[in-house]
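Asker: There's a structure below that I have some questions on.
Each value in this text was obtained by applying a stated rule to the coordinates, not by laboratory testing. Please read these numbers as outputs of a predicted model, since none were measured by experiment. Quick reminder, even Gly has a Cβ in these numbers, built from the backbone with ideal geometry, and neighbours come from all protein chains shown.
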Amino acid sequence: MTGLRLIVGLGNPGPEHARTRHNAGFHFVEALAQRQGARWTLESKLFGEVAKVEIGGQPVWLLKPSTFMNLSGKSVTAAQRFWKIEPEQTLVAHDELDMPPGVARLKFDGGHGGQNGLRDTIRLLGHGKFHRLRLGIGHPGHKDRVVGWVLNRPSPADAVLMEQAIDAAIDVLPLAVAGDFNEAMKRLHTARP
């Protein structure tokens, strides 16, 4: 199986969104770039910011769409076309309401589960055959509270748990980049915050 060549973090641009739960995907790629000292540059033709890192000896592009969450697919598909990267070689990191903070899970294919960045990406690709990194943000308990929940910052305790999940996910990336997704999943899914 082919490994990863593109890692996309989903989020909303702008300082007012910077530390919100909805920007968990941005937090992930930012932490990855920071570990490697990679610099972000704005690529208007890709509708986002990009950075290049090396994981397990392989070059991997990082992407933060600047389109706002609901139009993320525009940036994802532009980058895939520009770099000639298949959807199966793409990992999309996003916030996940149905998992508690501190939990991260890898998955391949599937629906969008109400996540609007995934929804737009699937719509433009015509399928969901790409890898996802689901970063738990917890659920407010009622669907009427979801919008306020995702657009606000986590509690300090939840923020620490989310950082730990991001670190655990970064630790298994060399396996995913090499194409060993099953081992990456197994190690991540048994990691404890």
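Asker: On alpha-carbon atoms, Rg over Rh for the chain using Kirkwood Rh?
Answerer: Answer for the chain: 0.93.
Asker: Which whole-Hz couplings ³J(HN,Hα) result when phi for each residue of the range 141-146 is put into the Karplus expression 6.51 cos²θ - 1.76 cosθ + 1.60, θ = phi - 60°, listed in order with x for Gly and Pro?
Answerer: Once θ is set to phi - 60°, the couplings for the range 141-146 become x, 9, 4, 5, 9, 4 Hz.
Asker: Based solely on its DSSP helices, what 222 nm [θ] is calculated for the chain when runs of n ≥ 4 H residues each add -39,500 (n - 2.57) and the sum is averaged over all residues, nearest 500 deg cm²/dmol?
Answerer: Numbers: 6 runs with 72 residues, N = 193.
Dividing the helical sum by the residues of the chain leaves -11500 deg cm²/dmol.
Asker: Semi-axes of the equivalent ellipsoid of the range 94-193: what are they in whole Å, largest first, if each equals the square root of 5 times a C-alpha gyration tensor eigenvalue?
Answerer: 23, 20, 9
Asker: Label points 7 Å out from Cα along the Cβ direction at Lys107 and Thr190: separation in nm?
Answerer: 2.2
Asker: Same structure, new question: How big is the charge dipole of the chain about its Cα centre, in debye rounded to the nearest 20, if each Lys and Arg gets +1 on its Cβ and each Asp and Glu gets -1 on its Cβ?
Answerer: The calculation lands at about 280 debye.
Asker: Something else: Taking amide H positions as placed 1.01 Å from N in the peptide plane, with prolines and chain starts having none, which residues 5 or more places from Gly48, or on another chain, fall under 5 Å of its amide H?
Answerer: Glu43, Ser66
Asker: Any idea how far apart Arg153 and Asp98 come out in nm if each label point goes 7 Å out from Cα toward Cβ?
Answerer: 3.0
Asker: Right, something else. Count charges around Val92 for me, please; just the other residues with Cβ under 14 Å from its Cβ, Lys/Arg as +1, Asp/Glu as -1.
Answerer: Charge balance near Val92 sits at +4.
Asker: Under a point spin-label approximation (7 Å from Cα along Cα-to-Cβ), what is the Ala31-Glu43 distance to one decimal in nm?
Answerer: Simple spin-label model gives 2.4 nm for this pair.
Asker: Provide the percentage of antiparallel DSSP beta bridges, counting only those with both residues in the chain; round to the nearest 5.
Answerer: 55
Asker: On to the next question. Quick one: which residues, 5 or more positions from Met99 or on another chain, have an amide H under 5 Å from its amide H? H modelled 1.01 Å from N in the peptide plane, none for Pro or chain starts.
Answerer: Sorted by chain and number, the residues that satisfy this are Ile137, Gly138.
Asker: Long-range amide H contacts for Gln58: which residues qualify at under 5 Å (H placed 1.01 Å from N, peptide plane, sequence gap of 5 or more or a different chain)?
Answerer: Residues meeting the criterion, in which the H sits 1.01 Å from N, do not exist here.
Asker: Using the charge dipole of the chain (Lys, Arg: +1 at Cβ; Asp, Glu: -1 at Cβ; taken about the Cα centre), state which of Leu4, Asn116, Gly37 has its Cα farthest towards the positive end.
Answerer: Most positive-ward Cα: Asn116.
Asker: What helices does the chain hold that run 18 Å or longer along their axis, going by alpha-carbon atoms, with a Kyte-Doolittle average of -1.0 or more, using DSSP H for the helix calls?
Answerer: Span-like helices here: 24-36, 156-177.
Asker: Whole-Hz Karplus ³J(HN,Hα) for the range 10-22, in order, using 6.51 cos²θ - 1.76 cosθ + 1.60 and θ = phi - 60°, x for Gly and Pro?
Answerer: Once θ is set to phi - 60°, the couplings for the range 10-22 become 8, x, 10, x, x, x, 5, 9, 3, 10, 6, 4, 5 Hz.
Asker: In the range 74-182, which trypsin sites (Lys or Arg not before Pro) are in a loop and have at most 14 other Cβ atoms within 10 Å, using DSSP for the loop call?
Answerer: Values: sites: Lys74, Arg81, Lys84, Arg105, Lys107, Arg119, Arg123, Lys129, Arg132, Arg134, Lys143, Arg145; in loops: Lys84, Lys129.
Answer in residue order: Lys84, Lys129.
Asker: Further, regarding this structure: Residues of the range 31-51 with amide nitrogen under 19 Å from the 7 Å Cα-to-Cβ point of Glu163?
Answerer: Under 19 Å, as judged by backbone N against the label point of Glu163, lie 31-38 of the range 31-51.
Asker: Treating the beta-carbon of each Lys and Arg as +1 and of each Asp and Glu as -1, no other charges, what is the dipole magnitude of the range 112-165 about its Cα centre, to the nearest 20 debye?
Answerer: Dipole size: approximately 240 debye.
Asker: May I ask you to compute the full-extension gain from Ala18 to Arg145, defined as 0.36 nm times their residue separation minus their alpha-carbon distance, rounded to one decimal in nm?
Answerer: On the way: separation 127, 0.36 × 127 = 45.72 nm, distance 2.00 nm.
Answer, rounded to one decimal: 43.7 nm.
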